[in-house]
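Heads up, the thing below is written out as structure tokens.
The values are calculated or read from the model by the stated rules, or taken from the named source; none is laboratory data. This one's a predicted model, so the numbers in the text were calculated from it and none came from an experiment. Here the Cβ positions follow ideal geometry from the backbone for every residue, glycine too, while neighbour counts run over all protein chains shown. Each accessible area value is taken on the protein alone, full model and side chains, heavy atoms only, with ligands, DNA and RNA left out. Shrake-Rupley method; radii C 1.70, N 1.55, O 1.52, S 1.80 Å.
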Amino acid sequence: MACRICSGRLHPFADFGSQPLSDAFAAPGGPPEPFAFRLAVGVCTGCSMVQLLEEVPRERMFHADYPYLSSGSSVMRAHFESLAGRLLDTELTGPDPFVVELGCNDGAMLAAIARAGVRHLGVEPSGGVADVAAAKGVRVRKDFFEAATAAAILAEDGPADVVYAANTLCHIPYLDSIMKGLDALLRPSGVFVFEDPYLGDIVERASFDQIYDEHFYFFSATTVRGLARRHGFELVDVERLPVHGGEVRYTLARRGARKPTPAVAALLAAEEAAALHEPATLHRFADRVAATRERLVELLTGLREQGARVYGYGATAKSATVLNYCGIGPDLITFVSDTTPAKQGRLTPGSRIPVRDPGAFADPYPDYAVLFAWNHAEEIMAKETGFAAAGGTWILYVPEVHLVRA
Ligand code: DWN
Ligand code: SAH
Ligand code: ZN
């Protein structure tokens, strides 16, 4: 297995075995979904990029029935609206500006740009969520972004001032084609702004559930700078974000076009000091993950023996790794509550736990709830006052297994 960035040798450090596709929620009664691929992750001995060892074909993950909706969290809605405001104020100030978003999903970000009357295009291959964005007045192209797509957009709309991508670039193994596309599409003064789960946070918090089929890369300032330079770009800004369990927003500009901010040097230095890409660090991460599996299974098995009622909260893509790696099924968790219509009435992939609407969560409340959407803990804990009143307890497994009184 060779690095998808530099063809270097990959050093594997964590293996979660055979896994189903994380967003393939099956209809009950149908055939069990296949454990389609091996989920394992390695670090490149050449360029240090952390990446999956096996790639799932993109059409199998991102299609008309892709269930995830960005707007399902009020915190994320506010996050994207605030980012839209910032782009409008700082980057989209010239005459007739044009912004492109890769993976615009349901339009959480671009709807605000559309309302401001600014020229835009969302590139979104998942047809169902793209339709939701279009219904909000967002102009969408149902397509995978790659070099050929960029050429087509350039021919139709002209060059872009900003290309933005949230939780999308890390989903794309073929970054060579993406970077060539950006080089073609961006104006000389244009910027590429993207945000994804940060390797530093994943390692620090042992948040191993960030590792699943759709998350192919685990970026850092070090590896993003390397990627940028290979393609004539420079990493000119980084900003740590609290969302989704810890992310970094990276800004790339053409080499020489902008002076890097002090935040870039600071994050590079912190990664060096933490030995973030060293195999020893990554093996320690894997050891912590194995301990988490042991404790979580022990806790849930004990609760079953006591006859406690245990539900799950948030049928996240991330939870597929937790459930299938730990071998947790409906014998340990009765059902998972989730607000997403396309997930309700279906089964979690591989582990086959029923997904039900939030009404079921309160009828009656469980004794314990495993918070699979732990990245939205603040938002969820603030609104689940009924669970608190009923004396319920949250189970979290990041950074280690622990209980929180609701
Ligand atoms: O990178 C990705 C991120 C952005 O979204 C994609 N590959 C897939 C997806 O990952 P995820 O499913 O792990 O994302 P979330 O945002 O952690 O999913 C939260 C889930 O919990 C959704 O299914 C909605 C649900 N939810 C809920 O039931 N009640 C969420 C909130 C906030 C709630 O209050
Ligand atoms: N930006 C949203 C959605 C993230 S989910 C958010 O942050 O909430 C990842 C999205 O990337 C999915 O909607 C998926 O369809 C899309 N995607 C995957 N590959 C892509 C590609 N090559 N070009 C554009 N979008 C892509
Ligand atoms: Zn490499």
Residue among Leu268, Leu282 that is surrounded by 14 or more Cβ atoms within 10 Å (Cβ to Cβ), closer than 16 Å to Phe219 by Cα and under 21 Å from the mean Cα position of the chain (by Cα): Leu282
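For (1) open to solvent by 50 Å² or more (accessible area, probe 1.4 Å); (2) farther than 20 Å from Pro31 by Cα; (3) near ligand 1 (Cβ under 10 Å from one of its atoms), each residue gets a yes or a no:
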| position | (1), (2), (3) |
| --- | --- |
| Lys318 | no, yes, yes |
| Ser337 | no, yes, yes |
| Gly350 | no, no, no |
| Ala360 | no, yes, no |
| Asp363 | yes, yes, no |
| Ile380 | no, yes, yes |
| Glu384 | no, yes, yes |
| Ala388 | no, yes, no |
| Thr393 | no, yes, no |
Qualifying residue in segment 3-18 (condition: free of Cβ contacts under 8 Å to residues at least 40 places away in the same chain and within 16 Å of ligand 1 (Cβ to nearest atom)): no
The lone exception for Val297 - which of (1) open to solvent by 20 Å² or more (accessible area, probe 1.4 Å); (2) part of a loop (DSSP other than H, G, I, E, B); (3) within 28 Å of Ile202 (Cβ to Cβ); (4) of a type outside the set (Lys, Arg) it fails: (2)
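Looking only at segment 251-291, count every residue that is assigned to a helix (DSSP H, G or I), of a type outside the set (Val, Ile, Thr) and in contact (Cβ under 8 Å) with a residue 40 or more places away in the chain and tell me the total.
To start, the set of residues in segment 251-291 that are assigned to a helix (DSSP H, G or I) comprises 262-273, 279-291.
Pick out the ones that are also of a type outside the set (Val, Ile, Thr) and you get 262-263, 265-273, 279-280, 282-288, 290-291.
This time we only want the ones that are in contact (Cβ under 8 Å) with a residue 40 or more places away in the chain, so: 267-268, 270-272, 279, 282-283, 285-286, 288, 291.
Looking only at that region, the number is 12.
So which helices (runs of 4 or more DSSP H) stay within segment 19-122 end to end and still have 2 or more residues that are within 14 Å of ligand 1 (Cβ to nearest atom), closer than 20 Å to Leu241 by Cα and open to solvent by 40 Å² or more (accessible area, probe 1.4 Å)? Give the steps one after another, and end with the answer.
Details: elements: 58-61, 74-90, 110-115.
The qualifying helices (runs of 4 or more DSSP H) are 74-90.
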Test: residue in segment 120-132 that is over 18 Å from Arg187 (Cα atoms), without any contact (Cβ under 8 Å) to a residue 12 or more places away in the chain and within 14 Å of ligand 2 (Cβ to nearest atom): yes
Selection status of Val132, part of a strand (DSSP E or B), more than 16 Å from ligand 3 (Cβ to nearest atom) and either open to solvent by less than 10 Å² (accessible area, probe 1.4 Å) or over 19 Å from Phe192 (Cβ atoms) (or both): no
